[in-house]
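Structure, as structure tokens:
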Amino acid sequence: MADTPRFERASLVTFVERVLRSAGVPADACPGAATHLVLADERGVASHGVARLPFYVARFRRGLIDPVAPLTVERQTAATLALDAHNGFGMVQGPRAMGMVIDRARASGLCVATVRHGNHFGIAGAYTLMAAREGMIGVAMTNASPLVAPLFGSEARLGTNPISVAVPTGPAADDPPVVLDMSTSTVAWGKVEIARRAGTALPLGWALDEAGDPTTDAHAARWLTPLGGPPETGGHKGYGLGVIVDIMCGPLAGAAWSARVSGARGPDRAAGIGHTFMAWRVDAFRDPDEFYADLATFLSELRETPVSPAYAGNRVLIPGDPEREAEREAGYRGIPIAAPVVTELRALAATGVPFDIVRVA
């Protein structure tokens with residue numbers, strides 16, 4: 001929104017670091033975790049950015065997340081890892097796990113890792129970007145607490161179960177990767193939270209009420225629909241994707257599956273979330289220069305597609321374009337943080353952390 005306050009990135013990251021440190025996260029882990037969290041706001045995914053900070057802090061204080069938990073290897077081969085996060089902070093354990101995957105993929109060409117006993121890990125795209133910046137293709141997925149009703153169902157059995165894939169487009173650090181980062185629900189629950197804060201209605205097809213009926217009232221929304229909504233518009237596809245993500249992150253990882261995952265709306269216990277990460281080197285399959293040349297041609301052909309008259313004024317986009325534009329805009333205008341979220345952050349500061357975020361607009 002045009003009137004959303006914007007803040008200087010460095011001061012926002014520093015504030016988040018201080019809050020995390022005050023909650024017991026080790027000092028050496030706070031900068032990376034804070035940067036990871038703020039990245040969501042930079043890329044326009046406000047539902048997974050600093051708005052989540054009060055939720056994390058509340059769970060730290062109730063002993064529902066262990067801020068100093070180790071990340072251990074339970075099983076491994078040359079190209080696989082089975083990891084245990086021991087109920088650690090997702091913004092710490094997730095990057096550690098993806099870093100291990102990238103390191104092993106450098107040696108073997110490819111690595112797949114599962115993580116059990118995890119927590120909410122932010123935006124999946126942050127992890128696949130880690131791989132793309134190393135010249136690798138990356139995949140990340142996670143299950144989550146139940147918010148999505150199965151197709152034809154009247155109550156939740158699945159999480160939003162996001163999946164991300166990032167593909168590097170060249171060897172230079174500033175070559176923009178292709179980044180798919182999506183939930184397998186029609187929208188993320190954070191979109192409902194944003195609508196509640198803004199006092200706006202939801203589009204029909206996003207959510208169901210307590211009785212399982214479609215609703216546009218953000219405050220009446222209880223469950224989300226699978227990606228695609230009703231069967232007439234492809235809801236079976238989103239439902240199927242959500243099931244596959246849950247299998248990969250639940251039973252395969254040895255973690256809870258979505259109906260048994262706790263979280264913001266679940267029982268007051270450890271979340272039990274599972275993740276799956278993958279990375280592979282392009283040169284394990286093709287000469288990188290040839291791959292990048294073919295990829296550039298392919299992406300150009302997509303961008304040059306004529307625009308339908310029904311969407312005049314738009315242009316054909318590549319996955320990751322909107323997030324990259326949001327990140328670019330945040331770089332020169334500041335990071336947007338909704339006014340109600342700023343109020344919540346001030347409340348956190350009242351516990352002894354200086355609220356010195358610099359507003360720039």
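The values are calculated or read from the model by the stated rules, or taken from the named source; none is laboratory data. Just so it is clear, the structure is predicted and the values come from calculations on it, not from any experiment. When we count neighbours, we look across all protein chains shown, and the Cβ atoms used for this are built from the backbone with ideal geometry, even at glycine.
Worth pointing out:
- Selection from region 337-359 of residues that are of a type in the set (A, V, I, L, M) and not in a loop (DSSP other than H, G, I, E, B): A339, V341, V342, L345, A347, L348, A349
- Summed over region 210-235, residues that are more than 22 Å from the chain's Cα centre (by Cα), at pLDDT 95 or above and either farther than 23 Å from V341 by Cα or surrounded by 17 or more Cβ atoms within 10 Å (Cβ to Cβ) (or both) total 1.
- Take the conditions (1) buried (at least 18 other Cβ atoms within 10 Å of the Cβ); (2) under 23 Å from D41 (Cβ atoms); (3) small (G, A, S); G199 misses just one of them, which is (1).
- Among the residues listed as V16, V25, the single one being surrounded by 20 or more Cβ atoms within 10 Å (Cβ to Cβ) and part of a loop (DSSP other than H, G, I, E, B): V25
- Residue check, A310 surrounded by 12 or more Cβ atoms within 10 Å (Cβ to Cβ) and modelled with pLDDT of 95 or more: no
- Within region 163-195, restricting attention to residues that are assigned to a loop (DSSP other than H, G, I, E, B) and hydrophobic (A, V, I, L, M, F, W, C), the residue that is nearest to N143 (Cα to Cα) is A188.
- Just one residue in the set S258, S300, S308 is within 18 Å of N119 (Cα to Cα) and of a type in the set (S, T, N, Q); that residue is S258.
- Qualifying residue in region 85-106 (condition: small (G, A, S), more than 18 Å from the chain's Cα centre (by Cα) and in a strand (DSSP E or B)): no
- Subset tally (residues that are surrounded by 24 or more Cβ atoms within 10 Å (Cβ to Cβ) and of a type in the set (A, V, I, L, M)) for region 79-96: 4
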